[in-house]
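Following: one structure in C-alpha cells, then a few remarks.
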Amino acid sequence: MHLSVLVFGSGATWTPCAALARMPATPMRIEVQRMIKQAERDLVNARKNIGIEAYEVAAFLSEQGVEKLLKAYWMLVKSDAAPFTYSLTELGDALGVPKALRKHLVSLTGDYTMARYPDAANGVPYEVYDRETAETKVASAEAIVTWLRQQIRG
C-alpha cells in the first residue's frame, strides 16, 4: 500500500515507504499509516489556527501531531502497540529522541491539558495563549517532526 502525506507547513508530500515496506501487512501497519496521516493533518491545522487567532488550538494540535507521530514511530520500531500515555517526553526518551530536541517535547507535553482546560491553564486557555506562544509551539512541533520523518523514512 502506498502512502503519501502532506508535509507540515510546506504543501509538499513525503512518503514514509521504507519503514512501512519492512512492516508486515497487519492491522498495526494500517494503524501506523492512519496515525501518520492524522498527525500531518493536525500539524497543518495547527499552523492554520494561528492565522485565525485560535492560539490555544494551535498549541493543542501541535502537541497532538507530535504525539501521533511518536506513537506511529513506536509501532514501527518496536512492532508493538504504543503505550497509553500523553507524555511526549516519556515517548521521546524511550524512542531515543536526541537530547537537543528534548526541550521541544517538554515544551509541548503540557499543552495536551493546558490548551483545553481552564484549571490546567490557570485561566481561560484562549486568553492565556498568544501568537508568540502558539508560534513557538508550532516551531517546536516542526523540529520534532523533521527528526521523526527522517527516522520513519528509514
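The values are calculated or read from the model by the stated rules, or taken from the named source; none is laboratory data. Owing to the predicted nature of the structure, the values given are computational and were not obtained by experimental measurement. As a convention, Cβ positions derive from the backbone with ideal geometry for all residues, glycine included, and neighbour counts pool all protein chains shown.
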Those residues of the stretch 51-99 which are of a type in the set (Val, Ile, Thr) and surrounded by fewer than 24 Cβ atoms within 10 Å (Cβ to Cβ) amount to Ile52, Val57, Val77, Thr85, Thr89, Val97
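Identify, from the list Glu132, Glu67, Glu127, the residue that is modelled with pLDDT of 95 or more and within 19 Å of Glu31 (Cα to Cα).
On the way: Glu132 fails: within 19 Å of Glu31 (Cα to Cα); Glu127 fails: within 19 Å of Glu31 (Cα to Cα).
Matching residue, one of Glu132, Glu67, Glu127: Glu67.
Of all the helices (runs of 4 or more DSSP H) wholly in the stretch 42-154, which have at least 3 residues that are of a type in the set (D, E, K, R)? Give the steps one after another, and end with the answer.
Values: elements: 55-78, 88-95, 99-109, 111-114, 118-121, 125-128, 131-153.
Hits in the stretch 42-154: 55-78, 99-109, 131-153.
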Can we say Tyr112 is aromatic (Phe, Trp, Tyr), surrounded by fewer than 22 Cβ atoms within 10 Å (Cβ to Cβ) and under 14 Å from Ser62 (Cα atoms)? yes
Quick one: Ser79 ticks every box in (1) hydroxyl-bearing (Ser, Thr, Tyr); (2) on the phi > 0 side of the Ramachandran plot; (3) under 16 Å from the mean Cα position of the chain (by Cα) bar one, so which box is it? (3)
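Going through the stretch 121-154 one residue at a time, which ones are of a type in the set (Lys, Arg), surrounded by fewer than 18 Cβ atoms within 10 Å (Cβ to Cβ) and within 19 Å of the chain's Cα centre (by Cα)?
The initial filter retains those residues of the stretch 121-154 that are of a type in the set (Lys, Arg), namely 131, 137, 149, 153.
Retained after the next criterion (residues that are surrounded by fewer than 18 Cβ atoms within 10 Å (Cβ to Cβ)): 131, 153.
Selection gives Arg153 alone.
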